[in-house]
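Worksheet: one structure, shown below.
The values are calculated or read from the model by the stated rules, or taken from the named source; none is laboratory data. Just so we're clear, the structure is a prediction, and the values are computed from it rather than from any experiment. Every residue, glycine among them, receives a Cβ derived from its backbone with ideal geometry; neighbour counts consider all protein chains shown. Areas reflect the complete protein model, heavy atoms only, side chains present, ligands, DNA and RNA absent. Shrake-Rupley method; radii C 1.70, N 1.55, O 1.52, S 1.80 Å.
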Amino acid sequence: MARKRKGRDISGWLIVDKPAGITSTAVVNKVRWALEAKKAGHAGTLDPEATGLLAVALGEATKTVPYITDATKAYAFTIRLGQATNTDDTEGEVTAESDIRPSDDEIKEALHGFVGEIMQVPPQFSAVKIDGERAYKRARDGEEMEIAARPLWVEELVLTDRPDADTAVLEMTCGKGGYVRSIARDLGQTLGCHAHVLTLRRLWSGPFDLENAVTLDQIDAEARTPALDARLLPVEAGLADLPELKATAEGATRLRNGNPGMVLAAGGIEYGDEAWASHDGRPVAVGRYKAGELHPVRVFNLPDA
């Protein structure tokens, strides 16, 4: 018999402002401990030295994680010009150097080539799987791998500051799967000067931003108190980018049992669109809208309000 997981059946989102020097998994473990939660996960890993928004899902909110992982995100990052490293950030060893320092106008012109649908090769030190093994594990053993390029949608990439000749500050808005370290590496190659990431901060992800974020110090101070519970955003906060449909009482019952249920169509909803259904102000299910019904793919098991 499987061991029953201890903790509270608590559901919602806690938005954390992650500091540098800690893994995303460690942040999730801290949140789970502080809220005594049975289940928790995050929507999009940040490198240990990266800072900024980490959305932590608890309980039934973990079923909405894919909608945040797939959402558009924004980053602010500083790059060091004139040096390449084997990790494409400050954690690695310098592998190449250059005396070339591009002008602001040259950087701005080069950035045009990184906007829109681009092909990006992930860093050697990344969580991409190569023959079933994480690339970073093989890279730590000194192996250099051929990693296939993959598509990335970059909505915006702009130069926001140039503190000195060696550094440039950029902001990027992009879709799922973007590696800022790859952007820095490839931009340095385009400019003929090499480059790597100095600092990286995630500003927002989908519907979540840093305005409602809590620090680790605040989590420690409010651990296992109603004050921290009060910071939780509802489960449906992770569904903000999907249309909401109102389920009938009978439809809600059917949906909770995993069956198609009747919903009241919202304006603009079309056959086959992905949406979520609510009843009495509570999320019931996520699925596809078809001819007056929602066909569920994820069902929420939430207590009555």
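Structure data summary
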| read-out | value |
| --- | --- |
| Given the chain, longest segment not containing exposed loop trypsin sites (Lys or Arg not before Pro) (DSSP; at most 10 other Cβ within 10 Å) | 7-305 |
| Overall dimensions of region 25-100 as given by Cα atoms, namely Rg and Dmax in Å | 17.1, 54 |
| Pair-distance profile P(r), taking every C-alpha pair of region 151-216, with 5 angstrom steps and integer % | 4, 13, 23, 26, 17, 11, 5, 2, 0 |
| Equivalent ellipsoid dimensions for region 169-253 as semi-axes, Å, which come from the Cα gyration tensor, largest first | 38, 23, 8 |
| Most mobile of G292, G59, G175 in a GNM of the chain (Cα contacts under 10 Å) | G292 |
| Within region 12-113, GluC sites (Glu not before Pro) in DSSP loop having at most 15 other beta-carbon neighbours inside 10 Å | E36, E91, E93 |
| GNM flexibility winner over the chain from P122, P102, P163 (Cα, springs under 10 Å) | P163 |
| The chain: most fluctuating residue of A291, A237, A40 per GNM, C-alpha cutoff 10 Å | A291 |
| Stretchable slack from W33 to E109, in nm (0.36 nm times residue separation minus alpha-carbon distance) | 22.6 nm |
| Cross-link pairs beyond the 22 Å C-alpha cut-off, checked among K39/K246; K39/K63; K176/K290; K18/K39; K18/K73 | K39/K246; K176/K290 |
| Local electrostatic count, V169, Cβ distance below 14 Å [Lys/Arg +1, Asp/Glu -1] | -1 |
| Extended-chain gain in nm, criterion 0.36 nm per residue less alpha-carbon gap, D241 and R224 | 3.0 nm |
| Convex hull volume per residue in cubic angstrom - Cα atoms of the chain | 169 Å³ |
| Area of W33 that stays accessible when all protein chains are in place (1.4 Å probe, Å², to 10) | 120 Å² |
| Region 204-305 - Debye-derived log10 I(q)/I(0), Cα point model, q = 0.20, 0.24 Å⁻¹ | -0.93, -1.16 |
